[in-house]
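What follows draws every value from the coordinates through simple rules; no lab data is involved. These figures come from a predicted structure and were not determined experimentally. When we count neighbours, we look across all protein chains shown, and the Cβ atoms used for this are built from the backbone with ideal geometry, even at glycine.
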Amino acid sequence: MLFAHLTAAVALMDEADRAYRAAIEAQVAAPKAVTLLQTMARFRAEVAALRERTRETTGYGDFDPLDTYVPAIAASHAHAVRAANAADLARNEVAQLRSQANGRIGELLDREEIDRLTAAKRARNAAFDRAVREALPGASDQVATHLMLLADGWY
């Protein structure tokens, strides 16, 4: 049952992300929208590749090595410290990639476009939050918020 609820939540988040990308295409002139969507796609691909490389390095298995809440791994203390360091470095690299992408986007868009797209991103994040809360109705606000932010990191 839980798996079905989470699968439905992922479908809702995919739909919300498609709506966000459609808002970009609708609210920004075509050449800028193409560049913006390409920048987003490149960022997402780079983070996905980094996530997989880090997963292999850390031994976290199916868990997201970019998430700060990962379970203990069955390993020596030294390996656990190395895995934690690798995950920390990967999170720092994601922050740098995000900063670079946001810099490119900031140079591309004017203030009004940024404001409109910020509203669209807020709507997407609100949809993510609703999807998580519907999938896990008994979850605390802290857990639901963390899961929404974790999902955001996958998009």
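Figures for the structure shown
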{"item": "Value at 222 nm in deg cm²/dmol, rounded to 500, when DSSP H runs of n ≥ 4 in the chain each add -39,500 (n - 2.57)", "result": "-29000 deg cm²/dmol"}
{"item": "Convex hull volume of the chain per residue (C-alpha atoms, cubic angstrom)", "result": "115"}
{"item": "Nearest-0.05 FRET efficiency for Arg42 and Ala22, computed from C-beta distance (R0 25 Å)", "result": "0.85"}
{"item": "Förster radius 35 Å - calculated FRET efficiency between Ala4 and Ala126 (Cβ-Cβ, nearest 0.05)", "result": "0.95"}
{"item": "The stretch 42-70 residues near the modelled His146 label - backbone nitrogen below 19 Å, point 7 Å along Cα→Cβ", "result": "60-70"}
{"item": "Alpha-carbon centroids, the stretch 58-74 and the stretch 117-155: separation in whole Å", "result": "21"}
